[in-house]
Amino acid sequence: MSEKHGNLSITSENIFPVIKKWLYSDHDIFFRELISNGCDAITKLKKLDLMGEYELPDDYKPKMDIIVNPEEKTLTFIDNGLGMTEEEVDEYINQIAFSGATDFLEKYKDKANEDQIIGHFGLGFYSAFMVADSVHIDTLSYQKGASAVHWECDGGTEFDMKDGIYDTVGTKITLFLNEDSLEFANEYRAREVIEKYCSFMPTEIYLTKANAEEEYETIDVEDKRDTDTVIEEIHEEAKYEEKENEDGKKEKVEVSPAKDKLKIVKRPVPLNDTNPLWAKHPNDCTDDEYKEFYRNVFNDFKEPLFWIHLNMDYPFNLKGILYFPKINTEYDSIEGTIKLYNNQVFVADNIKEVIPEYLMLLKGVIDCPDLPLNVSRSALQNDGFVKKIQEYISKKVADKLAGLCKTEKESYEKYWDDISPFIKFGCLKDEKFCDRMNDYILFKDIDDKYVTLPELLVKEEKEEATDEDGNKVEAEVVEDDKKADDENAEPEDTRTIVYYVTDKEQQGQYIKMFKEQGLTAVILDHNIDTSFISQLEQRNETYKFARIDADVTDSLVEETDDKELEETTTALTKIFKKALSNDSLDVKVTKFKNKDVASMLTVSEESRRMQDMMKMYNMYEMDPNMFPSSSTLVLNANNELVEYILNNKDNENVDLFCQQLYDLASIANAPLAPEEMTKFIERSNKIMMLLAK
């Protein structure tokens, strides 16, 4: 052909500077785009061979060669794919945004599927101009009688195209790097970028340095391949060692037989794995392979707890592996990595449109060729299809966890402390996930045993059922003998109460009382738990959560004469209000079965949760009177000290004892403020001095 000069056909004005400067957020991404194009060309050539439209040579080995040349400041990408004719170069290169992949698929839509065809937009090639002052293309089409083509462009809209001398079917692209991008001609930097974007591309990728000295290795003769270049034949004599036999005599024993070996030019090793684990069927993968893949991809040598292998062909193609790492820490310090691939080409980490936010606490890979990527392949276009993918992933995770709980309960319990922050966060963020997980959420009780919510509710209902003598009876429904007769009274809250503990040490007194009466409570000590239990309550109408110190459950107290208790309450309320100088103090008197407990402080569940929410969202600057603490001092009429105060109200030390009892009750509920703690210590010293006299 005659030499051809022309202008690139661009439909949008001044698009070239945009491509060079703004199309891709990371300049190193040109590696991915050019290698993807080469892989596409190879895939298309193999498909033509399968369809009988071309016959591949017997020794054909599909591969991509990348050559760095720091001396010449060049970077070369070579593929042995189907190449291009002059017309195709004019169509696919000179007309920006005309995708060869799209054209190929349209032409062969009845004979080929889209598997492994990566490109869609026809812009990837031009990413080369982000780092190159000039780009040359040398290509030879697979078509019979085709002539080689040479194309070059200096980054403007003008190009030169003429007959070439390239004599191998395929394409060679040479980048003449600009001064700001010479790092990419460094072998180690190139390797780093290729491993970042192309570790799992479907065609083997090789990296070499131009003019590098040859390296050699020694192999056994039987391991020789036809492609090996033999430098030297080596014979190794047998090796012997002197050892003592059964008779105690020394004799020479052969420890290594004679071997014939070959010194060969070191075989090139591909930088990528063309058949990644996620692309295999789960039945063909071993636990060791899953663990090794996890170590290699995430550089994490702590074994994952377990994993989920995603493998779906309909209604969309999605494969992947999600690993549950050992996290066991506060939720806000957890950070995972979900790598998103498109036909084994790395797209990005943690794309929130595809990966539910709560799954980003995990580590894993997801490959979905059907993803509607934007032009730069770095983000997703808005598409309802993406939402379906997200829902599928969420459902598969919930199904896996539910299955573990049903069939491997013991293992599930071992994992629970590590995975509970993730599950709780997921329940807060995704109502469907919350509903699917509802019966498979574990709670650790005060006896360090794990129970599910259904198990816990059955247990609570049985514990609440007692006869007239206070003995437990098996019953599904507990009648309330104290039900108000007033027809205008508010409807009784019949929800089952699930008691919980936020601090086993702080609330130790309450726990002790619960255990004495055979009652149970669960441990909820994570920052996220206040929001989590509120979410569960909203989605379940049969139960509610209450902290162990929110109220005094009937199981902890004796039946009493209401009139007698009313008189005692009036008297003690007056004494404590005076001693504490607090006219608004709310006092309740009852008779605990445990006579050693003198006082308790209860804080209403609603009031305390509101305070916890204020702490979580740093709302301390708000007026505390907006959400006042609703606390009650509960006194045990069976306790000797309380009886002493009641019967000796005029004693000079009564005020001291009242103040001490109140602080002791407060300490069992929450730590005292510094000023209050100082007074408590001083008062404790005074009381001890009274005993010493």
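The values are calculated or read from the model by the stated rules, or taken from the named source; none is laboratory data. Note that the structure is a prediction, hence the values are computed from the model and not measured. Positions of Cβ are backbone-derived with ideal geometry, glycine not excepted, and every protein chain shown enters the neighbour counts. Heavy atoms of the whole protein, side chains included, go into the accessibility calculation; ligands, DNA and RNA do not. Shrake-Rupley method; radii C 1.70, N 1.55, O 1.52, S 1.80 Å.
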Taking r as the C-beta separation of THR542 and ASN594 and R0 as 41 Å, the FRET efficiency to the nearest 0.05 is 0.85
Quick check: pseudo-label points 7 Å beyond the Cα along Cα→Cβ at SER584 and ALA279, how many nm apart are they? 7.0 nm
Local net charge near GLU242, Cβ-Cβ under 9 Å (Lys/Arg +1, Asp/Glu -1): 0
Per-residue accessible area, 1.4 Å probe, largest first, puts ARG436, ARG32, ARG189 in the order ARG436, ARG189, ARG32
What net charge do the residues around VAL501 carry, taking every other residue with its C-beta under 11 Å from that of VAL501, with Lys and Arg at +1 and Asp and Glu at -1? -3
I'd like the distance separating the alpha-carbon centroids of the stretch 142-188 and the stretch 236-257, in whole Å. 62 Å
Grab the beta carbon distance between ILE667 and LYS429, set R0 = 35 Å, and tell me the FRET efficiency rounded to 0.05. 0.45
Which of the residue pairs LYS319/LYS388; LYS44/LYS291; LYS319/LYS395 have a Cα-Cα distance greater than 23 Å in the structure shown? LYS44/LYS291
By a straight-distance test (C-alpha under 28 Å), which lysines pair with LYS252 as possible cross-link partners, with residues fewer than eight away in the same chain excluded? LYS239, LYS243, LYS261
What distance in nm lies between label points placed 7 Å from Cα along the C-beta direction at ASP287 and ASP447? 3.1 nm
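Keeping all protein chains in place and using 1.4 angstrom, which order do THR171, THR678 fall into by accessible surface area, from largest down?
Details: THR171 15, THR678 75 Å².
Reading off the accessible areas and sorting them downward yields THR678, THR171.
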Roll a 1.4 Å probe over the protein heavy atoms and report the accessible area of VAL193 in Å², nearest 10. 0 Å²
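Under 8 Å for C-alpha pairs, at least 6 residues apart: give me the relative contact order for the stretch 519-591, rounded to a whole percent.
On the way: 26 pairs, mean separation 19.3, N = 73.
RCO, the stretch 519-591: 26 percent.
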By accessible area (1.4 Å), largest first, GLU241, GLU55 order as GLU55, GLU241
Would you mind getting me the FRET efficiency between LYS387 and VAL458? Use the beta-carbon distance for r and R0 = 30 Å, nearest 0.05. 0.20
Kindly report, to the nearest 10 Å², the accessible surface of LYS395 as traced by a 1.4 Å probe over protein heavy atoms only. 90 Å²
Packing rank of 212-224, 398-410, 62-74, where each peptide gets the mean count of other beta carbons within 10 Å, highest leading: 62-74, 398-410, 212-224
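Over the stretch 141-260, what is the mean sequence separation of C-alpha contacts under 8 Å (at least six apart), divided by residue count, expressed as relative contact order in percent? Show your work: numbers first, answer last.
Values: 85 pairs, mean separation 15.9, N = 120.
Once normalised by length, the contact order is 13 percent.
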